[in-house]
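The values are calculated or read from the model by the stated rules, or taken from the named source; none is laboratory data. This is a predicted model, so every value here is computed, not measured. With ideal geometry, Cβ positions are generated from the backbone for all residues, glycine too; neighbour counts draw on all protein chains shown. Heads up: the accessible areas ignore ligands, DNA and RNA and are worked out on the full protein's heavy atoms, side chains in. Shrake-Rupley method; radii C 1.70, N 1.55, O 1.52, S 1.80 Å.
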Amino acid sequence: MGKVNCLVFIFFILALGPLIEPVSASENIASFNSITGNIEFSTTGKLALPSTWRYKTVGFIVSKNSSPNLAPLESPPCTEFLPLVEKKQIDLGNGYATSYFEIPAQTIKKALEKVGINDLVSGISNVYLHAVFSTIEPGKSFVTGRYYTSYSSGSTGIMNATDNGGQLINWSNTTDELLKTNYNILTRYYEELPPDPSGIGLIDGKAEVDGDLSWRLSKNNLDSQSILQVKNYLNPSGTYIAMRNPVWAIQIDGVIHKMKELVLNPKEIKTKYVTILFTYEYTNHYYDTYQPDLVIDGKVVTWKFLKREPSWDFAKVFTYSKDLFISTKIGEEIQLLNDIRKIELLIGEKINARTNNKTQYFERFTFQNRLPVQLSTQLSIDLNYQRLFYNNDFEEKLSVNDGLKCFFPPDIDDNLKEYYSNRTSYNLGKYSINLSLSTLDSTNGEYPIAITFKDSFFITKRTGFIFSTSNSLTQGEIENKAKIVFKNTTGNDLDIVNDSILDNTDCKTRYYIPISSKTELLPGVVYENKYIIGKLGLSDITLIYSIPFIFGKFLVGSVFDNVYLNEEPAPLLDIKYPHSITILKSSMQDFKQLVKSKRFYMHGFITSDALEIDRKISSIIHRK
């Protein structure tokens with residue numbers, strides 16, 4: 001109800017439920033109580049037991065205007081709404097009841113003051129009472145009133161005021177008849193008492209599942225054995241009131257493991273199905289609980305919602321089952337032909353339970369190139385000429401586990417053959433040299449693999465003598481090792497000053513093609529350096545591959561052999577040599593003895609004691 005410059009009082013008793021056809025009241029009689037100053041009236045209507053009577057915003061509006069021309073319940077300017085007060089209700093015993101109301105005198109006084117009538121004197125006329133009511137419906141504020149009528153004091157000055165604090169209004173000339181209504185000023189409504197609405201309800205919907213099921217190869221650290229992780233990361237989804245008791249399980253070989261993650265030995269299940277299981281209880285039923293809100297005469301007129309709880313009496317069980325096929329190359333040896341540049345190995349798989357989309361994860365070994373090494377002559381070859389790269393879809397570094405890592409050259413220098421003879425079970429050549437692997441920093445998501453010899457190989461400057469050390473040594477220790485190996489191999493002392501050790505920067509990464517005259521390696525023929533490296537990656541595989549090489553000419557030799565460096569780079573010329581020497585007859589025996597002495601030939605054609613022989617010849621020549 002609106003208000004403009006005036007106060008509206010609202011009195012109502014509200015109950016839920018549909019309205020029943022209203023019962024018209026009998027003729028309503030209003031009278032003035034000269035003792036109390038109250039207006040009193042009663043109304044009789046049909047009794048509806050055990051229902052509760054409901055009176056909605058019933059009362060009078062006081063106005064100076066006989067026809068405010070406003071919709072009921074809207075307070076016009078200078079009007080005042082007077083709420084009725086029900087004093088009592090009497091059951092007449094014939095299916096009817098009479099209710100008694102009054103408008104208190106104090107309320108009348110305040111209403112008159114608000115419409116600008118502070119004193120009532122003889123001659124004042126046209127003060128009106130407009131009877132109104134309205135109905136407030138459940139879930140709404142109110143609707144407009146249905147009837148109203150008005151009463152006038154007339155034009156004979158029948159309203160008089162007193163100042164003695166007693167009567168507020170003198171209705172001495174007013175008769176009860178004048179206050180009779182022409183219409184029903186009160187309509188009585190009733191309805192059945194609403195029952196307790198607590199009870200079972202149901203929502204539409206169904207249980208579903210979301211999340212991922214997966215398997216993958218993994219490692220606890222980069223140099224450990226691989227493990228197989230099976231994961232059940234499923235979640236309940238869908239529409240339901242509540243769920244409970246979820247159970248995650250993984251079944252393998254008929255055994256059910258109630259867990260979200262299962263760690264297995266991948267060697268035992270290289271190719272196998274595992275089943276992912278997920279169950280939970282759910283219900284689409286609920287129980288709503290209400291509590292009394294408005295209670296009249298011990299009867300609940302309105303109810304208030306308290307809580308909603310799942311009803312497990314109607315519980316159902318949702319079950320999900322999905323087979324995962326696991327297939328790996330774990331622990332296998334993979335031989336790569338020379339035309340294969342990349343291999344991919346399956347290391348994991350993930351399936352989304354809701355969409356059934358599958359994602360596979362791989363690890364890859366990729367060669368920078370598979371081109372053969374082409375050399376002009378017998379030079380050295382970098383072990384990483386065909387650089388090998390690694391990456392996987394989990395963005396993890398290469399893991400290297402214990403496994404055979406060897407280099408198998410087709411030939412090596414004579415003094416190395418015994419020490420590096422092939423003692424492995426692989427028939428990949430006569431000689432094998434142990435390797436080490438490491439991973440360099442990532443380049444565009446790929447990790448370069450660095451292959452090195454476990455031993456270090458050194459070469460001397462003058463004689464080209466090659467030897468190896470198995471430990472990290474200082475330069476002095478390396479020179480001492482060179483002297484010992486040279487002495488043991490040739491029987492001669494190494495002239496470390498004139499036959500110094502070349503720079504050892506690449507001592508772990510270069511293979512020197514032997515230049516011995518006895519070598520089986522010939523120019524223009526393709527040979528292979530073979531590799532076996534294991535165990536690599538999450539699959540713990542062993543790679544077997546080769547790098548072909550070819551050289552064009554022998555490094556040194558006779559001019560007739562079409563070599564890279566000739567022993568006689570130019571023909572002999574007829575020249576005059578002004579110097580001469582005289583060899584004593586007594587020295588001839590010394591020359592013969594020197595020629596007959598046993599000596600070691602490096603690479604089959606260079607004497608290991610050439611410098612010593614030069615010194616001995618010079619000593620014999622200059623002997624006096």
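Gain in length, T239 to Y287, computed as 0.36 nm per residue apart minus the alpha-carbon separation, to one decimal in nm?
Difference between extended and current length: 15.6 nm.
According to a simple spin-label model (label point 7 Å from Cα along Cα-to-Cβ), what is the distance in nm between D204 and E333?
6.6
Carbon and sulfur atoms: what percent of the 1.4 Å accessible area of segment 455-560 do they account for?
Whole-percent figure for carbon plus sulfur exposure: 52.
S224 to E309: extension gain in nm, 0.36 nm per residue of separation minus the Cα-Cα distance?
So the extension gain works out to 25.4 nm.
Order the peptides 215-222, 510-517 from the highest to the lowest mean number of other Cβ atoms within 10 Å of their residues.
Packing proxy ranking, top to bottom: 510-517, 215-222.
How charged is the neighbourhood of T469? Take every other residue with its Cβ under 13 Å from the Cβ of T469, and add Lys/Arg as +1 and Asp/Glu as -1.
Once positives and negatives cancel, what remains is +1.
Past the 19 Å Cα-Cα mark, which pairs from K461/K483; K231/K397; K219/K342; K272/K350; K219/K358; K272/K397?
From K461/K483; K231/K397; K219/K342; K272/K350; K219/K358; K272/K397, over 19 Å: K231/K397; K219/K342; K219/K358; K272/K397.
Does a label point 7 Å from the Cα of L371, set along Cα-to-beta-carbon, have any residues of segment 506-540 with amide nitrogen under 18 Å, and which are they?
Of the residues in segment 506-540, 526-527, 529 have backbone N under 18 Å from the label point off L371.
Highest mean first, how do 251-260, 302-311 rank when packing is the count of other Cβ atoms within 10 Å averaged over residues?
So the peptides 251-260, 302-311, ranked by packing, come out 302-311, 251-260.
Beta carbons within 10 angstrom, averaged per residue: use that to sort the peptides 500-507, 241-248, 464-471, highest first.
Ranked from most to least packed, the peptides come out as 464-471, 241-248, 500-507.
Taking R0 as 30 Å, what's the FRET efficiency between S380 and K267 from their Cβ-Cβ distance, rounded to 0.05?
Computed FRET efficiency for S380 and K267 comes out at 0.15.
Rounded to two decimal places and with Rh computed the Kirkwood way over Cα pairs, what is Rg over Rh for segment 226-283?
Dividing the radius of gyration by the Kirkwood radius yields 1.09.
I want to check the label-to-label distance for T355 and L437. Put each point 7 Å from Cα in the C-beta direction and report it in nm to one decimal.
Inter-label distance under the simple model: 3.5 nm.
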